[in-house]
Amino acid sequence: MVREAKELRGVDADSYAEMYKPGTGDLIDGRYELTESLGKGGMAHVWRAREVFPGHEAPENHEVAAGREVAVKFLRHDSEALYALDPDERAAELAVRNARFRREATLLGTLDHPGITELYGSGSHRGVPYIAMRLVTGVSLRTFLDEHTPLPVMSAIAIAVQMAGALACAHTLPVVHRDLKPPNIMIDDEGAVVLIDFGIAKPLRADATRYTAHGSTLGTRGYLAPEQLLEREPTARTDVYCFGCVFYELLTGRPPFPLGADSGLTERHLYEDPLPPSVYAAGIPEAIDDLVIRMLAKQPGQRPPVDEVLAVLAPLGPQPDDPEPRPRTHPDPTTPLRRPADRAPRTHRAPAAPPVTSPVAGEEEWLDARAVELLCTRAESEIAAGKPGDAVGRLRELAERVRAEWGARRPLVRRVWRGAADGLRLAWDFGSAARLYQGIDNTLLHGDGPAERAERAVVRLRLAECRLAFGELDAAVAAVDAAGRTAAGLPGELAVQVESVRREVDVQLSARLADADDQGGPGA
């Protein structure tokens, strides 16, 4: 990013003005023909485009038809905010914007959920970066609310259920959106909810590059979490607060703290407890009242994770074959939940790994233990090399199957789960890895001998390492302390194994604690 800023420094305002600006009929990379401007903001300009023919770089396993309409998003180099900066500041800001834009393309290429716009392609056209993605035809949640407030409770919950599902997918990586608000949520013509604009989204990894200068707050007034207002590091629970603000507005027709003419908005988000939604709207279940208030807790650790939000909401929302809510809206966000069979199946980007089955004739329906052992050996070699690959992916596919066929006490079942969890952790899929580690701890580890205590300590340390990515520092502190006590009571070799992992996790924990201290403490 520093090199980019140096290269951009010295480019005057006239040069920026002469840079490529998209126009109707332009052909982008010989593949996307621009047909209509859909709007622009300070950072980007989005166009409707027609794909004139399938490119050789089309996403694997994605059916690309000539004539498909797509959305093409261009990074803006010509905004008034940029012209207001001096040359050095302008170069630095452009370098940050370019880096964020590339990161958005990378994230969209990783996230695979019908509630998140999928990436079709990205690149640079005449020096201007672009992202091509699924075109969502419908209305923004902002427009929808302006037209239909107050919403039926079932419609509000239906939107929230779909938001939670998409957000849970992002948090599994983990990635935080950081700018959840009604204009960044679409409802398509069939009623499906789609999160858009991952432009300031951020991977929650220790090695993730920061593209935010100190003193700048990313996000939108009225929907920012307290830790964002205080310029502290976001976690997955940051999105939960923003989600809570949106859900509150869905239920009541107003955000928890209305914008007004500032009216102490920042102080209210930092210090004032919101009133339950049922104060402003009738018919809201008590469980929803309680959930929303917890989502809007000032301390991130007191907010429920998005998986819990989804678990609470799903049974309370529309169910298959339920009647339409009254009054009717168009689009109807309850339709995907009431009539799930009507929605066309979505092709996944990556084909599922084939299962490992017995080569013995007549036993194809049963797993072959020897084949699974060989697969575990391959996966463990990938993990030792720090390059989890196909074998790890196949173990992940097999995890539930081996437990179902062989039960929870067979050591090979635990070996499959450990291999899958360790590989996913190395691949930064911390959410999936955490679920596997938790499953090992809960159901696959038996006995209390030295070997079992050592393995349990290591599994809990790795679980804590995954949770660090979500900002759950207290759980990691407790796991590191407990592992130290366990190691002290183990025989030599086992103690060394536990202590090695404990030190590794402790280093990461210390770095995160120091970072939290620099920003004013983890309890933002």
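Structural remarks
- For segment 79-137, a tally of residues being outside any helix (DSSP H, G or I), modelled with pLDDT of 75 or more and either of a type outside the set (A, V, I, L, M) or under 18 Å from the mean Cα position of the chain (by Cα) (or both) returns 22.
- Top-ranked residue of segment 499-522 - restricted to ones that are over 13 Å from A464 (Cβ atoms) and touching a Lys or Arg at 6+ places or on another chain (Cβ under 9 Å), ranked as modelled with the highest pLDDT: A516
- Within segment 442-454, not a single residue is within 21 Å of L509 (Cβ to Cβ) and open to solvent by 20 Å² or more (accessible area, probe 1.4 Å).
- Whether a residue is open to solvent by 10 Å² or more (accessible area, probe 1.4 Å), of a type in the set (K, R) and in contact with a Lys or Arg (Cβ under 9 Å, 6 or more places away or on another chain) was assessed, and R425 passes this test.
- In this structure, E60 does not qualify as open to solvent by 60 Å² or more (accessible area, probe 1.4 Å) and modelled with pLDDT of 80 or more.
One line per residue, one yes/no per condition, for (1) touching a residue at least 60 places away in the same chain (Cβ under 8 Å); (2) among the hydroxyl-bearing types (S, T, Y); (3) open to solvent by 20 Å² or more (accessible area, probe 1.4 Å):
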residue: V246; (1), (2), (3): yes, no, no
residue: L251; (1), (2), (3): yes, no, no
residue: L259; (1), (2), (3): no, no, yes
residue: G264; (1), (2), (3): no, no, yes
residue: Y271; (1), (2), (3): no, yes, yes
residue: L275; (1), (2), (3): no, no, yes
residue: L291; (1), (2), (3): no, no, no
residue: L296; (1), (2), (3): no, no, no
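- Scan of segment 364-393 for residues that are open to solvent by less than 50 Å² (accessible area, probe 1.4 Å) and more than 32 Å from the chain's Cα centre (by Cα), ordered by number: L367, D368, A369, A371
- Within segment 479-504, the residues that satisfy the criterion of being β-branched (V, I, T) and either touching a helix residue (DSSP H, G or I) at 6+ places or on another chain (Cβ under 7 Å) or surrounded by fewer than 12 Cβ atoms within 10 Å (Cβ to Cβ) (or both) are V480, T486, V498, V501.
- On inspection, R396 passes the criterion of being within 24 Å of the chain's Cα centre (by Cα) and closer than 23 Å to H446 by Cα.
- Filtered by the rule that a residue be open to solvent by 10 Å² or more (accessible area, probe 1.4 Å), more than 20 Å from E104 (Cβ to Cβ) and at pLDDT 50 or above, segment 201-234 gives R221, L229, L230, E231, R232.
- When G191, G123 are checked against the criterion of being out of contact with any His (no Cβ under 8 Å at 6 or more places or on another chain), over 30 Å from D322 (Cα atoms) and of a type in the set (G, A, S), a single residue qualifies: G123.
- Cβ-Cβ contacts under 6 Å between residues 6 or more apart (or on different chains), taken from a first residue in segment 114-131 that is open to solvent by less than 20 Å² (accessible area, probe 1.4 Å) to a second residue that is polar (S, T, N, Q) and in a strand (DSSP E or B), are listed as I131/S122.
The values are calculated or read from the model by the stated rules, or taken from the named source; none is laboratory data. Computed from a predicted model, the values in this text were never measured in an experiment. Reconstructed Cβ throughout: ideal geometry from the backbone, glycine too, with neighbour counts over all protein chains shown. Accessible surface is based on the protein model in full, side chains and every heavy atom, while ligands, DNA and RNA are left aside. Shrake-Rupley method; radii C 1.70, N 1.55, O 1.52, S 1.80 Å.
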